[in-house]
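Here the structure comes first, spelled out in C-alpha cells, and everything after it is commentary.
The values are calculated or read from the model by the stated rules, or taken from the named source; none is laboratory data. This is a predicted model, so every value here is computed, not measured. All Cβ positions, glycine included, derive from the backbone under ideal geometry; neighbour counts span all protein chains shown.
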Amino acid sequence: MSKSILVIGGSMFTGRIFSIQISKNEDYQLHVVNRGQFPLNLKNVKEYKCDRHSPRMVARLLPDITFDVLIDFCAYNPGEVSSLLEALKGRIKQYIVISSASIYEPYDHQIKNEDDPLVVGSVGDRTSDYIYNKILVEQETVKTCQSLGIPYTIFRPTFIYGPFNYSSRESYFVELISRGHVVPVPTDSTARFNMVYVFDVARALELCIGNEKAYNEIFNLSAPEEITYSILLEAFEIFNGGPFMTKPVTVEEVLDNNIPLPFPLTEDELFSGKKFADTFEFSYTPWLEGMEKTYKIFYSLFIS
C-alpha cells in the first residue's frame, strides 16, 4: 500500500531534491504545499499553492486523507509548527522537521553530538534570531507532537551542498572559476568544517518515513570528512583539470574588505553524523565524489 507524504516547502534546494527523488517511487503519493514561486511540475506530485502561515487554508486545500508523514522544510519561527499541526489534527501520523547544526554552542576543537549544549541567547540579539528561532522551533516540535500524540524526528544538517543550492557556498567558487575571475584564497584560515550532500539528506528523510527507529529522535546529518579552505580549493583544481587564477588573502583582509567567503575562517564547525549512520546502517556519500558532481553541474550552468 502506498504512503502519503505531505511536504511543506519542497520547491527550492533540499526539498526539491527530496521531491524529485520521491516522485520516482510509485510506493509514495507526494503532496507539496508552498507559495508556488518555484513549481516542481513533477509527474505524480500534487502541488498546492498556499502560504504555511495560513494553516486553515492549507487544511482546506488538502484532500481529506491521513498523511503517513509531514516533512517540514521551512519551519523558521515559533508558532509555525504548532499552528500547522493543530490545523491538521488527526491527519498526520508522523512529523519530520529540518532544523540546523548551527544551533550548537560554538567551541573549537570539538565534534558536536546531539547531546551537546545549544546556543544560549534571546530573540533580538546577534546570536542570531535565525539560530535562536530554530531552537524554539525544536522545542515547539517536541511539545506539540507530545500533546497530539505524533512521533517526531528532528534533523540538524551541517552545511548542505549539491545542485539547486541557492546559498552562495560552493557555487561562489565555481562561478569565479568558470568565468575566469580571481579566486580569493585565505592563507591563514584555520577552521575545519563538515558538509553533507543534499542527496544524502533526501535519502535520510526517506529512511525515516514510518520507521520507529526515527520516532522522537534528534539526528545530526554530517559526513565525516573534515574540510578546510585548502582541501576545498585543491579539490576544485582537480575538478577543473588544472589551476585557476587565485589571490592570497588574510583573514583580516577578508573581514576588512567584506569578501563573501562562505565557510568559517577561524572557528571549527564540526559535527558528528554517526548516530544516524549507526541507527540506520547509513553511509554518507564520500565528499570528493559528491562535490565533483556538484562542481560539474554548477560549472555547466555558469558557462552556458
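Structure above, values below:
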{"read-out": "Flag for L40 being part of a loop (DSSP other than H, G, I, E, B) and surrounded by 14 or more Cβ atoms within 10 Å (Cβ to Cβ)", "value": "yes"}
{"read-out": "Filtered residues of region 255-268 (kept if under 13 Å from Y229 (Cα atoms) and not polar (S, T, N, Q))", "value": "L261, P262, F263, P264, L265, E267, D268"}
{"read-out": "Some residue of region 113-120 being touching a residue at least 12 places away in the same chain (Cβ under 8 Å), β-branched (V, I, T) and crowded, with 16+ Cβ neighbours inside 10 Å", "value": "no"}
{"read-out": "Selection from region 278-300 of residues that are surrounded by fewer than 16 Cβ atoms within 10 Å (Cβ to Cβ) and either modelled with pLDDT under 95 or among the polar types (S, T, N, Q) (or both)", "value": "T279, S283, S300"}
{"read-out": "Residue list for region 78-95, restricted to those being touching a helix residue (DSSP H, G or I) at 6+ places or on another chain (Cβ under 6 Å) and either within 15 Å of N133 (Cβ to Cβ) or in a strand (DSSP E or B) (or both)", "value": "P78, V81, S82, S83, Y95"}
{"read-out": "The lone exception for Y48 - which of (1) farther than 23 Å from N211 by Cβ; (2) assigned to a strand (DSSP E or B); (3) in contact (Cβ under 8 Å) with a residue 60 or more places away in the chain it fails", "value": "(3)"}
{"read-out": "Residue check for I227: aliphatic (A, V, I, L, M), modelled with pLDDT of 95 or more and surrounded by fewer than 19 Cβ atoms within 10 Å (Cβ to Cβ)", "value": "no"}
{"read-out": "Verdict on E175 being under 30 Å from S83 (Cβ atoms) and assigned to a helix (DSSP H, G or I)", "value": "no"}
{"read-out": "Conditions (1) closer than 30 Å to P248 by Cβ; (2) modelled with pLDDT of 95 or more; number of the one not met by Y166", "value": "(2)"}
{"read-out": "Search result, residues across region 278-304 that are over 18 Å from the mean Cα position of the chain (by Cα), polar (S, T, N, Q) and not in a loop (DSSP other than H, G, I, E, B)", "value": "T279, S300"}
{"read-out": "Leading residue by the ranking (nearest to the chain's Cα centre (by Cα)) among those in region 195-234 that are under 22 Å from L70 (Cα atoms) and polar (S, T, N, Q)", "value": "N220"}
{"read-out": "Check on A75, assigned to a loop (DSSP other than H, G, I, E, B), touching a residue at least 24 places away in the same chain (Cβ under 8 Å) and either of a type in the set (A, V, I, L, M) or surrounded by 13 or more Cβ atoms within 10 Å (Cβ to Cβ) (or both)", "value": "yes"}
{"read-out": "Condition check for K275: loosely packed, with under 15 Cβ neighbours inside 10 Å and either more than 18 Å from the chain's Cα centre (by Cα) or not polar (S, T, N, Q) (or both)", "value": "no"}
{"read-out": "Every residue from region 8-37 that is in contact with a Cys (Cβ under 7 Å, 6 or more places away or on another chain) and either in a helix (DSSP H, G or I) or not small (G, A, S) (or both)", "value": "I8, V33"}
{"read-out": "Test result for T141, modelled with pLDDT of 95 or more, buried (at least 22 other Cβ atoms within 10 Å of the Cβ) and part of a strand (DSSP E or B)", "value": "no"}
